[in-house]
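The values are calculated or read from the model by the stated rules, or taken from the named source; none is laboratory data. Worth saying up front: this structure is predicted, and the values here are computed from it rather than measured. Please note: Cβ atoms are built from the backbone with ideal geometry, for glycine as well, and neighbour counts cover all protein chains shown. What goes into the accessible areas is simple: the full protein's heavy atoms, side chains included, and nothing from ligands, DNA or RNA. Shrake-Rupley method; radii C 1.70, N 1.55, O 1.52, S 1.80 Å.
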Amino acid sequence: MASNLSDSDYTRSVQSLINQVQQNSTRKDSFFELAQVYYTSCQADAGALRICQANLKGAEEYLDTVPENKREYAQQQVKKFQHELKLEEHKQFTDRQHRYKCLANICVNILRLTEGKNQQQTELKSSKLLATLFMLSSTDIGKRQYMHQLFKPLYKAVLSLRLLDKLLAEDKLTNTYITSRFDPATRFSKDQGRYSQFQLDVAIPVIIAALLQDVGMQHPETQRLLKGADGTQDEFRVLDRETRTLLLIINHEQTQDFIKNGIGVSEYEGNDPDKKQLYEKKQANRMKFVFGLLTDAVKPNEDSIGNIIKIPQIYSSFILSTKPIYRFLDLPNVISVLKNSAKHGFICSHACESFIELVGHFPLGLGMLYLLPHKQDDYYYAIVTRLNPKHPNSPTCRRVTSLDCDNEDEKDFTLSEDNNLFYEKPKQHLESLSQEALSTLREIHIRQLSETKLPEYNEGFWNPHRYFSINKQQALWS
């Protein structure tokens, strides 16, 4: 955990979900650790299966030619090898189903934390999760890269779901698998614990594709490229182009192998042959959709469904960067990165525009400094708390500091450019204040936020990680 201080129940549930997806544990029971185990054992498992099959085949061939006086022994050998093959197949099937159930549980928990009965509830719940992930992640040296690596798959999956919804609402998707299953009236489930057909057929496959897009990085060969043959190299270093290209190819191939052979699909539990056929068809269609997302995301075109996970991948890799150099002040520049990717045809331009409208210029959970419209000789601290701002440059925020004369009811607001101290013009209003007055204001905010390392007003925004680590200050959506 990023802090030694206590967390709210919600924050603990988020941390639990992170741990379900990826962690470093002795039990090796997070999903990415299960993938790691699969990659290190799949060749041995395939070999064991081949040996069982070869033994059985040899025994059956011997039975066909054996003299009558040795036939009973040959039959026993056939039964023995049939049993061994059955045991090995059952073991490998059980392992696959365990991984499948773990993944299904993660997907259900993501839906539980991010989707409500309607679009409004869903937007609020997703905003809360994304902001929580951002504020939980430490920027301290030695922690940041590791934490960002853990948080990124979940962060990306949630953004992919919300981009999917936005593109559907704007009628910007042409994929028939998605559009034929979409009905605004039945998009979300009205009953807790039950899921709509759209959630089962489309939303969960999108989660799987986004969540597991880089699971192939757990393969021993990709780990060798990242850490070196002796495991001593910095896995977060900047890679040369040749190594990075090879890494991406292996990751893509091994991700698809893991999803197909390491997870597979669930088996129909029942005796109705018609229902079994329908069930297996749905499972196959969902799997095909997942592979379509992953393949299209390698190099999506204007109409490609791969944009649904590719754009959040680019955004997440900037906001939760694992690169050696990370400048908090550069975070709003992610929008320029997205626009540049669209300009060069790496992602769809209209999907990129929709995504920028979805997230705005300021990431959820980012701390903002601002002026009140009617009182511009004071400044205040706030946190970005909602998706879909009225304008990308005007984030929806929750105020977290106040002065004695302030109205506490006005804690949620839209921060306009005219009052946002990220921009130069509003900063000019404070330049006439004395250094003593500014220092007094800063001391008030330091006490309220329990944070001694607050930036000066002219830096434009602040890191709320320390603030959010205190239990009572986590209720930003109440």
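Could you tell me the distance between the Cα centroids of segment 136-175 and segment 50-65, to the nearest Å? Taking the Cα centre of segment 50-65 as reference, the centre of segment 136-175 is 51 Å away. Solvent-accessible surface of segment 175-270, averaged per residue with a 1.4 angstrom probe and all protein chains in place: 53 square angstrom. For the pair Arg224 and Asp377, a Förster radius of 41 Å applied to the C-beta separation gives a FRET efficiency near 0.10, rounded to the nearest 0.05.
What fraction of the Cα pairs in segment 352-399, stated in percent, has a spacing above 13 angstrom? Counting every Cα pair in segment 352-399, those more than 13 Å apart make up 54 percent.
Comparing Cα centroids, segment 186-215 and segment 312-358 end up 25 angstrom apart.
Given R0 = 45 Å, the distance between the Cβ atoms of Glu443 and Glu302 translates into a calculated FRET efficiency of 0.25. Return one number: the angle in degrees, 0 to 90 and rounded to the nearest 10, between the long axis of the Cα atoms of helix 435-449 and the longest principal axis of the Cα atoms of the chain. So the inclination is approximately 40 degrees. On the principal axes of its alpha-carbon atoms, segment 402-478 has extents of 37, 27, 25 Å, going from largest to smallest. For segment 372-393, the residues whose backbone nitrogen is under 19 Å from a point 7 Å from the Cα of Glu353, taken along Cα to Cβ, are 388-393.
In segment 362-477, the portion of solvent-accessible area held by carbon and sulfur atoms comes to 45 percent [1.4 Å probe, whole percent, DNA, RNA and ligands not counted]. Could you work out the relative contact order of the chain, using alpha carbon pairs under 8 angstrom and six or more residues apart, expressed as a whole percent? Worked out over the chain, it gives 16 percent. Taking R0 as 22 Å, what's the FRET efficiency between Ser180 and Val265 from their Cβ-Cβ distance, rounded to 0.05? The value I calculate is 0.60. For Lys276, the aspartates and glutamates whose Cα falls under 12 Å of its own Cα, not counting residues fewer than eight places away in the same chain, are Glu267. For segment 334-478, count all C-alpha to C-alpha pairs, find those more than 18 Å apart, and express that count as a whole percent of the total. So the portion of pairs separated by more than 18 Å is 59 percent. Note on segment 189-257: percent of Cα-Cα distances in each 10 Å bin, starting at 0 and stopping at the bin with the largest distance, equals 19, 36, 20, 14, 10, 1. A 1.4 Å probe run over the protein chains yields, for segment 364-451, 48 Å² of accessible area per residue, whole-number rounding.
Taking a sphere under 14 Å around the Cβ of Val290 and counting the other residues whose Cβ falls inside, with K and R at +1 and D and E at -1, yields a net charge of +1. Provide, for q = 0.10, 0.21 Å⁻¹, the log10 of I(q)/I(0) from a solvent-free Debye sum over equal Cα point scatterers in segment 189-329. For the requested q values the scattering log ratios are -0.46, -1.35.
Note on Gln435 and Thr245: the model spin-label points, each 7 Å out from Cα along the C-beta direction, lie 5.5 nm apart. Using only Cα atoms, tell me the angle between helix 349-359 and the longest principal axis of the chain; keep it within 0 to 90° and round to the nearest 10. Approximately 60 degrees, to the nearest ten. The fraction of accessible area contributed by carbon and sulfur in segment 184-283 is 49 percent, rounded to a whole number (1.4 Å probe; ligands and nucleic acids excluded). Take Thr414, project a point 7 Å from its Cα along the Cβ direction, then tell me which residues of segment 372-406 have their backbone nitrogen under 17 Å from it. Counting only backbone N, you get 372-374, 384-399. Each residue of segment 131-271 gets 187 Å³ once the volume of the Cα convex hull is shared out per residue. In a fully extended conformation the segment linking Leu278 and Glu170 would gain 35.7 nm over its present Cα-Cα distance, using 0.36 nm per residue. Size descriptors for the chain: radius of gyration and Dmax over Cα atoms are 26.6, 109 Å. Between 0 and 90 degrees, the angle of helix 31-65 with respect to the longest Cα principal axis of the chain falls at about 10 degrees. In plain terms, the chain from Ser25 to Ile51 could stretch by 6.1 nm, reckoned as 0.36 nm per residue minus the Cα-Cα distance.
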